[in-house]
Every structure is written in C-alpha cells, then in structure tokens.
Amino acid sequence: MSEPSVKSDVLEQSALEEAASIQVLSETGEAVPFGSLFEQQKTIVVFIRHFLCGMCKLYVEELGKVPKSALDAAGTRIVVIGCGE
C-alpha cells in the first residue's frame, strides 16, 4: 500500500499580497482590503457559502458561542466572510 502524498508547498508571498489587496465589504458595507481584516491583530477568518445557508447559519451560531473573554485572552478575533447580505 502506498503512502498518501502530502503537499508541502508554501504559498508564495506574492499570492498572499495579492489576496490581501482584494476588496471585501466590512460589516458597515464599506469596501476594505481583505488584508486590513487581519493586519493589526491575530484573526481567525471563516469563509461561509452564504448567510442564508442553513448549515452556514448553524456554524456561525456556534462561532458566536466562543466566549469573548477567551478570544480577548488570546488576542484574537473571528471574522466571517460570506457572499450576500
């Protein structure tokens, strides 16, 4: 039986910079560079299919149960990105 292949390529810096420059909408509807969401603080970025998707809704509800005190203690925040409103 053969060993499963493990891809160990590291994303190139240019690809990270390109992704960071893509415009996304903030919670207020303002267009901001994606990179601005995580440049000042450790951030867990969660991508969901759509905010009206039942499974995505449940997932976001579970994320909402993470105690703010735990995130603050870790110096981390959670950002959820989805398509639609």
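Name the strands (runs of 3 or more DSSP E) wholly inside the range 3-82 in which the number of residues that are open to solvent by 80 Å² or more (accessible area, probe 1.4 Å) is 2 or more.
In the range 3-82, the matching strands (runs of 3 or more DSSP E) lie at 23-25, 42-50.
So is Val45 closer than 21 Å to Ala15 by Cβ, without any contact (Cβ under 8 Å) to a residue 60 or more places away in the chain and aliphatic (A, V, I, L, M) or not?
When the stated conditions are applied, Val45 passes them.
The values are calculated or read from the model by the stated rules, or taken from the named source; none is laboratory data. Model, not experiment: these values are computed from the prediction. Here Cβ is always computed from backbone atoms with ideal geometry, including for glycine, and neighbour counts include all displayed protein chains. SASA here: full protein model, heavy atoms, side chains in, ligands and nucleic acids out. Shrake-Rupley method; radii C 1.70, N 1.55, O 1.52, S 1.80 Å.
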